[in-house]
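Following: one structure in structure tokens, then a few remarks.
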Amino acid sequence: MKKKFLSAVVALAILAGFNSCKDDDDDNNQVTDENVVDDDASALSLVNGVYSHWQPLSSSFSFIIESSSNKLISFEGEESEAGPVVSRFEQEPTTWYQVKIFNHLLLGVAQANEAITTVANSYEAKKVTEAGYNAAVGKAKFLRALANLKLAQLWGEIPVFTEEGGSTTDRQPLDVVFNQIVKDLTDAEALLLDYNGDPRIPSKQAAQALLARTYLVWGDNPLSQAEVAAIASTQTDPAFTKTDARLEKAIEYADKVISSGKLALDPDFSKLFGRDYESNKRGTNEHLFTIAHDGDKFDAQGNHQTHCSWTFPFQNGENGSGYVQNHTEVADDNLYDDWKAEQPNDKRLAKTYIVEIANPETGQVHHYYSPVYTPINGKGLDQSYENAENLEITQNSVDRIEIRYAEVLLTKAEALVQLGRNSEAAEPFNQLRTRAGIETVAAPTFDQIKREWDYEFTYEQFSVLNNYRWKDLIASVQKVKNYKHFADDWKTSLGNTYNADQEAYFTKVHNHLVAKYNNVKGRHYRQPIPTGLSGEDLGIAQNPGY
């Protein structure tokens, strides 16, 4: 989980190379045999190299986005390790997951820039066809926009640099950042082909879906550096505000995806996750964009989602041989209990929170619910093929889903509700409810929209990003005070029910919940600007409070 895939030397070389090439005289920027590729396939292959920066991040996003919420805690190694540190809201500029994600996304942007320049040169030299140029540059701009969106959501103002220039260290105002994201995605929309059933290939509809996401995020007025600084040391959430014109654009782009007729909800929610279901193998067209993984073979790193949420398969529960702690843990039984009390017939519940499962090798049923354990993150547990529960822990080969069609529907519904058009929101909103087997509504409220994000997307790397949008991070995290294991008596619960290993486990759960409650502050609306991959200063101004 903590391999360093690119040295700082390579990182700085890419970024320095970008800056230096823009300082050259025009004569040195002429097309030569050294800065072109020979054909369309080579152009696309060059852009595909950008994925080397995305593949190491598939599970790492969960350690920031889900652990920095009320839904997940981390027991990855010692309590001083990066996962537990983030879980307790104690992240620093040197915390590994922040270092890893920030640097790889920034490097992905730099590599996309270099690829765009080379492909443009190759097109000018008539080595690459117009179709080849469109496919390669469309994909590069799509990936660059996605990286910049993730960076902006997690770190706020970021450097904006493209093949045309810009600084790799000077942070730009959020409107500048979002305008660049929109420009890249509208370019990608024009260049890319329609969705063809393979979500590993960025498509016109994937670009439109990202534009809908971008306008929803931007429409909810992300906090500026000054606004974060004003609340950095407090436990007070800022007021929620919005910009209606951007929300209208979110609806416009969601409608483009919907009206294309290329996408649909899979009729069976439980078939969306797992190796045998990945990348639209069922042909239901809900997976809109995914990051491919073949395990720890040829990609930069396998998708460790299963490994992290199911680190020690079947060693726990009534029939377990030990009592060991997974790298990521569901924060408390209440997350399952509250959902079941609200929507007992919701088909999504059993996939999201597993409370019992049979070991396919022994047939024994293991129960995950205190006083034995806490529920398992079901979306991280591949059950799509025979004995997957035992095998996927080491194969790490499940593709990561970045965009599902369900997100497009819920984005449209939320934007409509924020604009006061609640009855119009019912149609896209109720498509999700109908598939889940729960009651539909005539006009969803904002609170119902927020809860639907939980029902549909918990543990799919949306949690803290939504809290940032809704300006309820602190209030949301502090809900842990109402959880079962927050109470002081869980610190020392050894007695008739618990053995020493179980007590140690629940003491950790308790300690993480208390730490979340006490430690979350306004500064956590941003992640700390990290060091480089080898600990060097990146020269980018730090976020408030770190």
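Every number here is computed from the coordinates shown, using simple stated rules; none is lab data. Owing to the predicted nature of the structure, the values given are computational and were not obtained by experimental measurement. A quick note on method: Cβ atoms are made from the backbone with ideal geometry, for glycine too, and the neighbour counts reach across all protein chains shown.
Over the stretch 365-508, what is the relative contact order in percent, taking alpha-carbon pairs closer than 8 angstrom and at least six residues apart?
Working: 88 pairs, mean separation 23.5, N = 144.
Rounded, it is 16 percent for the stretch 365-508.
Could you work out the relative contact order of the stretch 161-286? I mean the mean sequence separation of Cα pairs under 8 Å and 6+ apart, divided by the number of residues, in percent. All intermediate terms of the calculation are to be shown ahead of the outcome.
Working: 111 pairs, mean separation 29.8, N = 126.
Computed value for the stretch 161-286: 24 percent relative contact order.
Explain nothing, just the number: dipole magnitude of the stretch 427-546 about its Cα centre with +1 on each Lys and Arg Cβ and -1 on each Asp and Glu Cβ, in debye rounded to the nearest 20.
Working: 15 positive and 14 negative charges, 70 e Å.
The dipole magnitude comes to about 340 debye.
Can you tell which of His293, Asn345, Tyr373 lies farthest toward the positive end of the dipole of the stretch 265-384, using +1 and -1 charges on the Cβ of basic and acidic side chains (Lys, Arg; Asp, Glu)?
Highest projection toward the positive end goes to His293.
Ordered by packing density, taken as the mean number of other Cβ atoms within 10 Å over each peptide's residues, highest first, how do 106-117, 357-368, 141-152 rank? Numbers along the way, then the final one.
On the way: 106-117: 24.2, 357-368: 14.7, 141-152: 25.8.
The densest-packed peptide leads the list: 141-152, 106-117, 357-368.
What is the set of long-range amide H partners of Glu402 at a cut-off below 5 Å, with H atoms built 1.01 Å from backbone N?
Close amide H contacts, sequence-distant or interchain: Phe289, Thr290, Ile291.
Residues with amide H under 5 Å of Gly532's amide H, sequence separation 5 or more or different chain, H placed in the peptide plane at 1.01 Å from N; which?
Here the answer is Asp537, Leu538, since their amide H atoms fall under 5 Å of that of Gly532.
With Rg and the Kirkwood Rh both taken from Cα atoms, where does Rg over Rh land for the stretch 442-546?
Values: Rg = 18.4 Å, Rh = 16.9 Å.
Dividing the radius of gyration by the Kirkwood radius yields 1.09.
How big is the stretch 274-374 by the Kirkwood estimate over distinct Cα pairs, in Å? The partial results should precede the final answer.
On the way: mean 1/r = 0.0627 Å⁻¹.
After inverting the pairwise mean of 1/r, the radius is 15.9 Å.
Per residue of the chain, what 222 nm ellipticity follows from adding -39500 (n - 2.57) for every DSSP H run with n ≥ 4, rounded to the nearest 500? Let's see the in-between values first.
Values: 21 runs with 252 residues, N = 546.
Rounded to the nearest 500, the figure is -14500 deg cm²/dmol.
With a sphere of radius 10 Å drawn around the Cβ of Tyr468, what net charge do the other residues whose Cβ falls strictly inside it have (Lys, Arg +1; Asp, Glu -1)? Provide the component values of the computation, followed by the final result.
Numbers: positive: Arg469, Lys471, Arg526; negative: Asp220, Asp472.
Taking every other residue near Tyr468 into account, the sum is +1.
Which order do the peptides 234-244, 462-472, 62-72, 341-351 come out in when sorted by mean C-beta neighbours inside 10 angstrom, highest first? If you can, show how the numbers build up before the last one.
Working: 234-244: 13.2, 462-472: 21.4, 62-72: 26.8, 341-351: 15.5.
Peptide ranking by packing, descending: 62-72, 462-472, 341-351, 234-244.
Using Cα pairs closer than 8 Å and at least 6 residues apart in sequence, work out the relative contact order for the stretch 342-392, in percent. Could you put the intermediate results ahead of the total?
Details: 49 pairs, mean separation 16.2, N = 51.
Dividing the mean separation by the residue count of the stretch 342-392 yields 32 percent.
Give me the dipole magnitude in Debye, nearest 20, for the chain about the Cα centre, with unit charges on the beta carbon: positive for Lys and Arg, negative for Asp and Glu. Don't skip to the end; give the middle numbers.
Working: 52 positive and 78 negative charges, 218 e Å.
That gives the chain a dipole magnitude of about 1040 debye.
List every residue whose amide H lies under 5 Å from the amide H of Arg171, counting only residues 5 or more places away in sequence or on a different chain, with H placed 1.01 Å from N in the peptide plane.
Here Ala541 satisfy the definition.
Calculate the dipole size of the stretch 46-150 relative to its Cα centre from +1 charges on Lys and Arg beta carbons and -1 charges on Asp and Glu beta carbons; express the result in debye to the nearest 20.
Values: 9 positive and 10 negative charges, 128 e Å.
Rounded to the nearest 20 debye, it is 620 debye.
Pairs Lys340/Lys479; Lys141/Lys262; Lys139/Lys351: which exceed 27 Å Cα-Cα? All intermediate terms of the calculation are to be shown ahead of the outcome.
Values: Lys340/Lys479 17 Å; Lys141/Lys262 22 Å; Lys139/Lys351 33 Å.
In this structure, Lys139/Lys351 lie more than 27 Å apart at Cα.
Towards the positive end of the charge dipole of the chain, with charges on Cβ (+1 Lys, Arg; -1 Asp, Glu), say which of Asn430, Ser260, Gln180 has the farthest Cα.
Asn430
Grab the Cα-Cα distance for Asn319 and Glu248, subtract it from 0.36 nm times how many residues apart they are, and report the gain in nm with one decimal. Mind showing how you got there, number by number?
Numbers: separation 71, 0.36 × 71 = 25.56 nm, distance 5.38 nm.
Residue separation times 0.36 nm, minus the Cα-Cα distance, leaves 20.2 nm.
For the stretch 417-491, what is the convex hull (Cα atoms) projected area averaged across all directions, in square nanometres? Mind showing how you got there, number by number?
Details: hull surface 26.1 nm².
Dividing the Cα hull surface by four gives the mean projection, 6.5 nm².
Note down the Stokes-Einstein diffusion coefficient of the stretch 352-438 in µm²/s, whole number, using a Kirkwood radius over alpha carbon pairs, 25 °C, and 0.890 mPa s.
Values: Rh = 16.0 Å.
Diffusion coefficient, whole number: 153 µm²/s.
Sort 417-423, 524-530 by the packing proxy (mean of other Cβ within 10 Å over each peptide's residues), most packed first.
Numbers: 417-423: 17.1, 524-530: 23.6.
Averaged packing, sorted descending, gives the order 524-530, 417-423.
Given the C-alpha centroids of the stretch 210-224 and the stretch 175-193, what is the distance between them in whole angstrom?
So the separation of the two Cα centres works out to 14 Å.
Could you tell me which of Gln325, Ser233, Asn221 has its Cα farthest along the dipole of the stretch 211-351 towards the positive end, charges placed at Cβ (Lys, Arg +1; Asp, Glu -1), taken about the Cα centre?
Asn221
Once phi is turned into ³J(HN,Hα) by the Karplus curve 6.51 cos²θ - 1.76 cosθ + 1.60 with θ = phi - 60°, what whole-Hz value does each residue of the stretch 479-489 show in order, with x for glycine and proline?
4, 4, 4, 8, 6, 4, 8, 6, 4, 4, 5
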